[in-house]
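Everything below concerns the one structure shown next.
What follows draws every value from the coordinates through simple rules; no lab data is involved. In this text the structure is predicted, and so the values were computed from the model without any measurement. When we count neighbours, we look across all protein chains shown, and the Cβ atoms used for this are built from the backbone with ideal geometry, even at glycine.
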Amino acid sequence: MEQARILKTAIPGPRSIRLHARERAAVAGGIGVTLPVYVERAAGGIVLDVDGNQLIDFGSGIGVTGVGNAAPRVVDAVREQVGAFTHTCFMVTPYEGYVAVCERLNEVVPGDHEKRSALFNSGAEAVENAIKIARYHTGRSAVVAFDHAFHGRTNLTMALTAKNMPYKHRFGPFAGEVYRAPMAYPYRWPTGPQRCAEEAFAAFTAQVHAQVGEENTAAVIVEPIQGEGGFVVPAPGFLAQVAQWCREHGIVLVADEVQTGFCRTGDWFACVHEAVVPDLVVTAKGIAGGLPLAAVTGRAEVMDAVHPGGLGGTYGGNPVACAAALAAIETMRAEDLCGAARRIEAVMKPRLAALARRFPAVGDVRGRGAMLAVELVEPDTKTPAPGLAAAVSAACHRQGLITLTAGTYGNVLRFLPPLVIGEDLLREGLDILDSAFAAA
């Protein structure tokens, strides 16, 4: 596919509008659509819709297609596996692909300790299983999550998630024994970013001690960079302090790397940037080039604690998804996609910083690698400006740039381009963003 933005109609075009009418008549209303352009093909950094428009992709299907849509190695591996067999259930009659994916995960997940992995279908399912494993291993029940966290849409993961609308509203009651602690959010820390790590850690430990009890806490779960919460990068040193505290109290540290994993932040995993080695790492999204797959990888003694049959699922580690994952991981290695993410940051971050200098509504620029964001506020305040974020994103959409919003307050523009995107497309997308700010 030609790697160029081409607009043949308004966005969305007439065929997409007709398809959207069908969608509204057939699909449950609770399924929201950010940009109703209906996709026909996609490759590299371009998405082709049914009206012939080619849009620049700054979303990657929410961070999933880091290796690019229809990546050649992934396509070839999937075709071969589909022709061999599509399902047996690994728990009934196993197959090599599942084992090979676990071997690769055990290699690339941080830490030189012995590891085990288990495969699932989605990030939320993997998070639930990580909590099950932590509770079983420790014999404790309490779990601590953080402000601004997002961990999924199932009952337990909604309890772990901080944001009410749209994720939790009227879906309770939620799973119990889940507690929330302050996140070291530098831009919004009350006393400023300089003491954020120190004060947030003190608040975290004091709150857990008083409200939960260390001896009752099975796990602390944290996103090394928060995703739906607004791409919040914890203050430097905060994660390392939490990790040390967990070790001291026999608490399992779970890193939710669903959105940050697989080269997205310029290393294989975001916790590497803080030299943190979690006990369990949860992955999904970028693991399999667009096919549904997720995993929990962690210390052998923790993972092996659960009795046989206690973990699993009919589709977990589906052979086609495993073939895709092996090909995607090979693509990451062969094409140095960690380096690609760092190059994307080198292009994007200065442009976003320049945007902040020109537009007072840009309160903060943050992120790592190809996981970057700007937080929008009312000028000269830190009052969130969700309406402006929506307006800028809509202006980008009209000009053929796929963008996403995020944040507890809905005021963050987040950027997740495919790691294989060309620099020309990247710069053109940033030009569109500039004009969208001017228009909004």
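The table below lists the values:
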item	result
Options (i) 60, 60, 43; (ii) 77, 59, 47; (iii) 62, 50, 46 - which one matches Cα extents along the principal axes in Å as calculated here	(i)
Theoretical ellipticity at 222 nm over the chain - DSSP helices of four or more residues, -39500 (n - 2.57) apiece, nearest 500	-11500 deg cm²/dmol
Karplus 3J(HN,Hα) series, Hz, for the stretch 61-71 with 6.51 cos²θ - 1.76 cosθ + 1.60 (x for Gly, Pro)	x, 6, x, 8, 8, x, 7, x, 5, 6, 4
Added length on full extension, which subtracts the Cα-Cα distance from 0.36 nm per residue, Arg170 to Ala202	8.2 nm
Whole-number percent relative contact order across the stretch 73-334, with pairs defined as alpha carbons under 8 Å at least 6 apart	31 percent
³J(HN,Hα) computed for each position of the stretch 414-421 - Karplus, 6.51 cos²θ - 1.76 cosθ + 1.60, integer Hz, glycine/proline x	10, 10, 9, x, x, 5, 9, 4
Within-15-Å neighbourhood charge of Glu23 [Cβ basis; K, R +1; D, E -1]	+3
Candidate lysines for bridging to Lys115, where Cα separation is under 22 Å - those fewer than 8 sequence places away on the same chain excluded	Lys132, Lys285
Where labels lie 7 Å past Cα in the beta-carbon direction, separation of His113 and Val99 in nm	2.5 nm
Amide proton proximity set for Tyr179, modelled H, under 5 Å, gap of 5+	Val143, Val144, Ala145
Neighbour-count ranking [beta-carbon atoms within 10 angstrom, fewest first] of Val220, Val178	Val178, Val220
DSSP bridge orientation in the chain - percent antiparallel, rounded to nearest 5	65 percent
Burial ordering of Leu19, Leu337, fewest other beta-carbon atoms within 10 Å first	Leu19, Leu337
Cα coordinate range in the stretch 7-158, projected on the principal axes (Å, largest first)	58, 41, 30
Mean separation of Cα contacts under 8 Å, 6 or more apart, over the residue count of the chain: relative contact order %	22 percent
Spatially proximal aspartates and glutamates relative to Lys168 (Cα-Cα < 20 Å; intrachain offsets below 8 disregarded)	Glu125, Glu128, Asp147, Glu177, Glu223, Glu228, Asp256
³J(HN,Hα), Karplus 6.51/-1.76/1.60, whole Hz, each residue of the stretch 261-267, x for Gly, Pro	x, 6, 6, 4, 9, x, 9
Alpha carbon convex hull of the stretch 73-334, volume per residue in cubic angstrom	127 Å³
Scattering profile of the stretch 148-231 at q = 0.17, 0.25 Å⁻¹ [log10 I(q)/I(0), Debye over alpha-carbon scatterers]	-0.79, -1.28
